[in-house]
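Visitor: The structure follows.
Each reported figure results from applying straightforward, stated rules to the coordinates on display, with no laboratory input. Because the structure is predicted, anything quoted here is derived from the model rather than measured. Ideal geometry is used to build each Cβ from the backbone, glycine not excepted, and the neighbour counts take in all protein chains shown.
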Amino acid sequence: MKKLFSDEELDWQQQPQPTAEELRLSGGLLVEDWPHARQVMRLSTLLFEATQPLHELDERALHLLKRAAFLHNTGMMIESRRHHKHSFRLIKDAALPDVSSEERYEIACIARYHRRAMPSLSHEEFAALKRPARRRVSALAALLRIADALDYSHDGRVLSLAAAPELCTADSWAIALTIRPLSDLDVELDKAYEKADLFEKTFKRKLNLLIRE
C-alpha cells in the first residue's frame with residue numbers, strides 16, 4: 001500500500017520553518033506554527049479518506065481542504081480571538097497559485113469555519129456561495145474542525161487515523177486513531193467532540209473516536 005506521507009513529512013519536529021514550495025502554495029501568507037499547519041493538513045487528508053462514503057467528494061475538493069487546512073491559522077498573525085475571520089479575509093485576498101478565484105473563496109470559507117460558529121446563510125461570506133459550494137464548504141470545514149482539534153496540543157500526538165468500518169452504522173461513524181506511545185489524548189478527544197457539531201449536522205451521524213491499541 002502506497003504511503004500517503006513520507007517519513008520526512010511525518011517528522012514534523014524537524015521542519016520548524018516553511019519550505020520554498022510551502023510559501024509558494026500559501027501565496028506568501030504566514031502561519032504562527034508551521035508544524036501544526038502540516039499536521040492539521042495531514043489529519044484532514046486522512047479524515048477525507050476515512051469519510052469518503054459520507055461526503056462523496058472528489059480529489060479537487062481534497063485539494064481545497066488541504067490548502068485550507070494548511071492556512072487555517074494564518075489569521076493568528078493578526079490576532080488570536082477572531083483569527084478564523086482574519087484567516088478568511090487574508091486567504092480571500094491572497095494570490096494563491098493553482099486555484100481559481102472561486103476555489104480560493106471556498107478555501108477561505110473552509111478556513112473561516114474551522115472554529116466557533118458553523119456555516120450559516122446569515123453569514124454574508126457563506127451566503128455568497130452557490131448551493132453546491134455551500135455543501136462542499138460545510139463538509140470540508142466539518143473535517144477541518146476535527147483535524148484541528150486532534151492536534152490541539154500542537155505536538156503531533158495523532159500518528160494516523162482511519163475509518164473503523166465494523167463500527168460504522170447508519171447513526172454513527174467510527175474513526176480509529178493511532179497515537180504516539182505514552183501520549184495522553186484526553187484533551188484532544190474532548191476538543192474533537194466539541195467541534196464535531198458541524199460533522200454531525202452535515203453527515204447526520206454521531207462521531208465516534210477510538211484509540212487503536
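Visitor: Less than 11 Å Cβ to Cβ from A133, Lys/Arg counted +1 and Asp/Glu -1: what total charge do the surrounding residues give?
Guide: On the way: positive: K130, R131, R134, R135, R136; negative: E102, E103, E106.
Result for the neighbourhood of A133: +2.
Visitor: Among DSSP bridges having both ends in the range 13-211, what percentage is antiparallel? Round to the nearest 5. Write out the running numbers ahead of the final one.
Guide: On the way: 5 of 11 bridges.
Just about 45 percent of them are antiparallel.
Visitor: Take I110, I211, I146 and order them by how many other Cβ atoms sit within 10 Å, fewest up front.
Guide: Values: I110 32, I211 12, I146 28.
Exposure proxy ranking, most exposed first: I211, I146, I110.
Visitor: Here's another thing I want to ask about it. Restricting to lysines 8 or more places apart or on different chains, can you count the pairs in the chain with Cα atoms under 26 Å from each other?
Guide: Close lysine pairs under the 26 Å cut-off: 25.
Visitor: While we're here: Find, to one decimal place in angstroms, the Kirkwood hydrodynamic radius of the range 7-101, where the mean of 1/r is taken over every pair of different Cα atoms and then inverted.
Guide: Details: mean 1/r = 0.0713 Å⁻¹.
Kirkwood hydrodynamic radius for the range 7-101: 14.0 Å.
Visitor: On a full-extension model of 0.36 nm per residue, what is the gain between R116 and D190, subtracting their alpha-carbon distance, rounded to one decimal in nm? Intermediate results must be reported in sequence, preceding the final value.
Guide: Values: separation 74, 0.36 × 74 = 26.64 nm, distance 1.51 nm.
Computed gain between R116 and D190 is 25.1 nm.
Visitor: Evaluate the charge dipole of the chain about its Cα centre and quote only its size in Debye, nearest 20, assuming +1 on the Cβ of each Lys and Arg and -1 on the Cβ of each Asp and Glu. Each step should come with its number before you reach the end.
Guide: On the way: 32 positive and 33 negative charges, 174 e Å.
I would put it at about 840 debye.
Visitor: Over 5 Å intervals from 0, what percent of Cα-Cα pairs in the range 13-211 sits in each interval?
Guide: It works out to 1, 8, 17, 22, 21, 16, 10, 4, 1, 0, in whole percents.
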